[in-house]
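Asker: I have a structure here, written as structure tokens, and I will follow up with some questions on it.
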Amino acid sequence: MRRKYLLGILIILGALGYMLFGGLGRNLVYFVTPSEYFLEEARYQNRPLRLGGLVKEGTVAYDRDSLELRFVLTDGVKEVPVYHRGTPPGMFREGQGAVVEGRFQGGVFQSTNLLVKHSEAYQAPEAGWTPEEVRRLLQEAR
Amino acid sequence: MTEARKPHRPDALTWGLLGLGLFLLPAGLYVALTAPPDVNQGFLVRIMYLHVPTAWLGYLAFFVTFLYSLLYLFRQNPKHDRVALASAEIGLVFMGLALVTGMLWARPTWGVYWTWEPRLTTTAILFAVYVGYFLLRGAIEDPELRRKAAAAVGILGFINVPISYMSVKWWRSLHQTQSIDLTTGRINMAPEMFQALMFNLLIFTLLYLAFVRFRGFLAEREAGGEEAEALGLEARKEEA
């Protein structure tokens, strides 16, 4: 056995261990839904967690100057008000799937990281897109 | 005296595949850049035409490594080991490209380059396993033992491919479920996008076949050198 390769193998094994137990072990259930949270509220109390759901229509309030974003996350059954500071991802909008990382303070979820979860469906715009429609689409996506 | 070895050169099929793949590559780029935008992502969806083919061909390459590792264990033919090596090498390049293009796509769509969610983590594990495959090959000097150990990793390592593919279904994931679901046959994609994706997948498949054959010939040349060195050693022993 050559020693330098042995060292490389040990590094790889360490990385695998880290990813299997650190990365995978804690993230197989990557997020909980609002209903699941309220079902086991005591278990998540005072602990950082990830909440996933849809951004409820009509609840987004974003102040570009202070970068304060407030919205309601819902799974169709339960709702959670969310406060996030920082620029939201480009695809963030009402009705979109979202995952927030952070913890609860009072009844409001204080988000430190906001991720967009989009679906696997890719569809072109209706009725044969034109360059003008594409330009407007890009404006909306921004 | 040893008979002069015929030089190992890639055959016409290898050159043909390489030429065809490279010839079609700009056409694939054109098709990708003229495909319609997505209603949600706009033109960001075009990263898919690079990301998905590289990911699928990474999976395919590791599958070929798996097959030829099995063949080697059953038949002890060094040629099978060389094909397994070539395919693993190219698979590592493709999977690396898939990870990078995935990160570049994730930033504007998800909001982060990386997060330890099931699909990304299982794919990173897959990548690390095959890096380990090459480290193991480098660590063992005895050719016979090296080939056997590499075959073992090539076979066992492949278990990560279905785990990575199914991770978006088995576990709650940030990564979207399959747009082209091989387990149900359903396609969640506009037809024009699907055609553009399939065309690029074809091009990348041609390039993969060309690369693996080319690398196989290079590996054979390297093996020839190793054998010649071994023969030289034996000759010196006989003289002593």
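The values are calculated or read from the model by the stated rules, or taken from the named source; none is laboratory data. Here the structure is a predicted model, which means the values were calculated and not measured. No Cβ is skipped: glycine too gets one built from the backbone with ideal geometry, and neighbour counts run over all protein chains shown. We work out accessible area using only protein heavy atoms, side chains counted, and drop any ligands, DNA or RNA first. Shrake-Rupley method; radii C 1.70, N 1.55, O 1.52, S 1.80 Å.
Asker: Which of the residues in segment A:75-101 show a loss of at least 40 Å² in accessible area from their chain by itself to the complete set of protein chains, at a probe of 1.4 Å?
Answerer: Hits at the 40 Å² cut-off: A:91.
Asker: May I pose another question? When the gyration tensor of the protein assembly as shown is built from Cα positions, what are the square roots of 5 times its three eigenvalues, in whole Å, from largest to smallest?
Answerer: Here the semi-axes work out to 48, 27, 15 Å.
Asker: Treating cross-link reach as a plain straight distance, find the aspartates and glutamates whose alpha-carbon is under 18 Å from the alpha-carbon of residue B:169, omitting any fewer than eight places away in the same chain.
Answerer: The reachable aspartates and glutamates, counting only those whose Cα sits under 18 Å from residue B:169, are A:120, B:117, B:181.
Asker: Can you list the lysines whose alpha carbon is less than 26 Å from that of residue B:148, not counting same-chain residues fewer than 8 positions off?
Answerer: Answer for residue B:148, where 26 Å is the Cα cut-off: A:4, B:79, listed by chain and number.
Asker: Additional query: What whole-number value in Å² describes the accessible area per residue of segment B:9-140 for a 1.4 Å probe?
Answerer: That works out to 40 Å² per residue.
Asker: Follow-up question, since we're still on this one. Based on the mean of other Cβ atoms within 10 Å per residue, sort peptides B:60-73, A:95-108 so the most packed one is first. Please list the in-between numbers first.
Answerer: Numbers: B:60-73: 21.8, A:95-108: 16.0.
Top to bottom by mean Cβ count within 10 Å: B:60-73, A:95-108.
Asker: Accessible surface of residue B:137 in the full protein assembly, 1.4 angstrom probe, to the nearest 10 Å²?
Answerer: Its heavy atoms expose roughly 30 Å² to the probe.
Asker: Residues of B:189-202, mean number of Cβ from any other protein chain within 10 Å of their own Cβ, rounded to a whole number?
Answerer: Mean partner-chain Cβ count within 10 Å for B:189-202: 1.
Asker: Along each of its three principal axes, how wide is the spread of alpha-carbon positions in segment B:167-240, in whole angstrom units, largest first?
Answerer: 72, 30, 19 Å, listed from the longest principal axis down.
Asker: As a test question: what accessible area, to the nearest 10 Å², does residue B:199 have when a 1.4 Å probe is rolled over all protein chains in place?
Answerer: 60 Å²
Asker: Where is the GNM fluctuation largest for chain A (alpha-carbon springs, 10 angstrom cutoff): A:43, A:85, A:26?
Answerer: A:26
Asker: If the cut-off is a Cα-Cα distance under 17 Å, which lysines reach residue A:56, setting aside same-chain residues fewer than 8 apart in sequence?
Answerer: The qualifying lysines are A:78, A:117.
Asker: When only Cα pairs under 8 Å and 6 or more residues apart are kept, what is the percent relative contact order across segment A:29-116?
Answerer: 29 percent
Asker: Another question, if that's okay. Give me the percent of the accessible area of chain A that comes from carbon and sulfur atoms, probe 1.4 Å, all protein chains in place.
Answerer: C and S atoms contribute 55 percent here.
Asker: Using a probe radius of 1.4 Å on heavy atoms only, what accessible surface per residue do you get for segment A:29-116? Whole Å² is fine.
Answerer: On a per-residue basis, segment A:29-116 sits at 51 Å².
Asker: Provide the buried accessible surface between chains B and A in square angstrom, both chains summed, 1.4 Å probe, rounded to the nearest 100.
Answerer: 4100 Å²
Asker: Still on this structure, please answer the following. Looking at segment A:19-64, which residues lose a minimum of 10 Å² of accessible area between their chain alone and all protein chains in place, measuring with a 1.4 Å probe and not counting ligands or nucleic acids?
Answerer: At a threshold of 10 Å² (probe 1.4 Å), the residues of segment A:19-64 that become less exposed are A:19, A:20, A:23, A:24, A:27, A:28, A:29, A:30, A:31, A:36.
Asker: Using only the alpha-carbon atoms of segment A:29-116, report the extent along each of the three principal axes, biggest first, to the nearest angstrom.
Answerer: Taking max minus min along each principal axis of the Cα atoms, segment A:29-116 gives 36, 23, 21 Å.
Asker: Let me ask something additional. Normalised by the empirical 2.2 N^0.38 Å for globular proteins, what value does the Cα Rg of chain B take?
Answerer: Working: Rg = 20.9 Å, N = 240, 2.2 N^0.38 = 17.7 Å.
Scaled against compact globular proteins, the figure is 1.18.
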